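The values are calculated or read from the model by the stated rules, or taken from the named source; none is laboratory data. Here the structure is a predicted model, which means the values were calculated and not measured. Here the Cβ positions follow ideal geometry from the backbone for every residue, glycine too, while neighbour counts run over all protein chains shown. Calculation scope for accessible area: heavy atoms of the full protein, side chains included, ligands and nucleic acids excluded. Shrake-Rupley method; radii C 1.70, N 1.55, O 1.52, S 1.80 Å.
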Amino acid sequence: MTCKKSFEYLAVAILHRIWKYWGLDALIEDKTIEVLAINRCLSPESDYRVSRWYEETILPRILDLTLNPTKIYRALDGIHSLTSKIQQHLYAKINSLGLDDYELIFYDITSSYFEQSNSSLTAYGLSRDHRGDKKQIILALAVTKKGFPFYWRVLEGNTADTKTVQGFVDELKKLFNIKQACLVMDKGMVSIANMEKIQAENFNYVVTMRRNSIAKIKGMPWHYLRSINENNVQTKKDYFSCHSPRAYYKELPPAEGKRYILCFNPEKFLTERQCRLDKIVSIKKHLDQKNRQLSIAKGRRHRELLREELERYLEKRCASGFFSFRLIAKEKTFRISYKIIKKAVQDAAKLDGVYCLMTNLKTASPKDLIDAYRNRMEIERSFRQLKSFVEIRPIYHHNEDRIKAHVTVCVLAYLLNNTVMHLTRQRKDFEELTAQAIYNYLKSCKLVELSASGERRLKLTTPTDEQVQLTKILADKSLLEEDHIQQRLQPVRLPAG
């Protein structure tokens, strides 16, 4: 008896079951897309290398599919036209499977950069990846409160947050015929026109407000906020009602049909205040160091170039309003005379640890509104998974349809990951597992191909207790049974001689 080869089995087989659980096998005829999505979950590769990974798994025996790079690119070209149908399918399935409802819809956008691309979709813009040197696309994504994605769009890389909301609201009506929902969004989405559009469509919203907008709210307790400092923060927080140790709140007077929930986080207060003090100390050191360099400079210095350099530095440090400076001529060079604008520092400090929710919901309690907004972590987790675990970035495609198809594959991979976590975390002892941790448990369970007397036979490595438990949770124990393996995966008989 000889061991011919081993195949990645259990994690792959379970993800294949979850793909079928969502009914995606019936909706998407090209099995290549399933391979790409499962690969993104387990071992993200470039599309060119997926076919090599595929041959090392049990998928060829499950799907009866021959794979090569040409077939992968052809599949990507075809999947883009199915995007709306996939989204409508997922929207219906989330309800029919009893996984979640649409009482709250979390919407946000992020960016993903390209190494090189000439696509009309790509552009330089505000990079959430801190890669302003790269062209990017914008990904708009909507998920349920439990993190299940059902809507996504790929937009041009210089699209502003606020420009995406009205189109999103229209598509909620058009694609899904949603009559009533509450949209939960971050402050980047907030504009008068967007809030009016949401309300005109009979939707509700819960959003955070920008700091400059908070300052305009009537009834703000400025005197009290200014009185909070590092020494009395633990006693001053009692002015607010307690939601949790990191969230205290006070409802402010409503205005023009909107409610305002002022929230205070004592921990964030201390962090923000210390960060500002550290920033000011750091900037002073930089300016003092710059003066020392100027004092020993031998060549002539240009006033306007030096001024622009200092302005750029302060802007980069988000401290333009905290310092004023003038350049005093000194022979061929200059000395920087600067001072801290105390009023600007004090005005910024009065909102340390503070954020404010705005909503048009009339009856929800402040605690429910805070819970709704804090659940936005689901969409933040979605973006983290898309960017790290499924490795949506960087993108190497150039064709616009393939770029959008690549994003669709990544979202479907995230859907599989979220389903794995959702099903697992409902069971005792598995509540904290991430999708990656679950796959790490499963990956060591392989199928080994044995050869003896002209016959090949598949043999399962002995599963661990954790693998048995996870298989029962995510699929069923038949995946670990000898009869199922031999019947489903069809042993191959070698030719005589």
Charge-dipole axis of the chain as Lys and Arg at +1 and Asp and Glu at -1 on Cβ define it, positive-most pick from 473, 176, 305: 305
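Measure off, as a whole percent, the carbon and sulfur share of the 1.4 Å-probe accessible area of segment 139-225, all protein chains present. Intermediate results must be reported in sequence, preceding the final value.
Values: 1850 of 3750 Å².
For segment 139-225, the apolar C and S fraction of the accessible surface comes to 49 percent.
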Computed label-point distance, nm, for sites residue 218 and residue 17 using a 7 Å Cα→Cβ extension: 6.1 nm
Positive-end residue of 414, 228, 239, charge dipole of the chain with Cβ unit charges: 228
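Longer than 29 Å from Cα to Cα, which of 258/404; 290/342; 20/145; 236/290; 5/85 are they? Say none if no pair is.
258/404; 236/290; 5/85
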Candidate aspartates and glutamates - alpha carbon under 16 Å from residue 316, same-chain residues fewer than 8 apart omitted: 133, 278, 308
The chain, dipole about Cα centre (Lys/Arg Cβ +1, Asp/Glu Cβ -1), debye to the nearest 20: 2580 debye
Efficiency of FRET from Cβ geometry, residue 77 and residue 177, R₀ 25 Å, rounded to 0.05: 0.25
Segment 1-103: C-alpha gyration tensor shape, a/c 1.5 cut-off, then a/b vs b/c: oblate
Pair residue 101, residue 305: separation of 7 Å Cα→Cβ label points (nm): 6.6 nm
For the chain: rounded, prolate or oblate by the Cα gyration tensor [a/c cutoff 1.5]: prolate
Tensor-based shape of segment 186-252 (alpha-carbon gyration tensor, a/c under 1.5 rounded, otherwise prolate or oblate): prolate
Positive dipole terminus of the chain, leading residue within 261, 442, 213 (C-beta point charges): 213
Of all accessible heavy-atom area on segment 268-387, the percent that carbon and sulfur account for (1.4 Å): 53 percent
Sum of -39500 (n - 2.57) over DSSP H runs of 4+, divided by residues of the chain (222 nm, nearest 500): -13500 deg cm²/dmol
Accessible surface, per residue, of the chain when the full set of protein chains is kept, probe 1.4 Å, Å²: 50 Å²
Cα→Cβ-extended label distance, 7 Å offset, between residue 361 and residue 341, nm: 3.8 nm
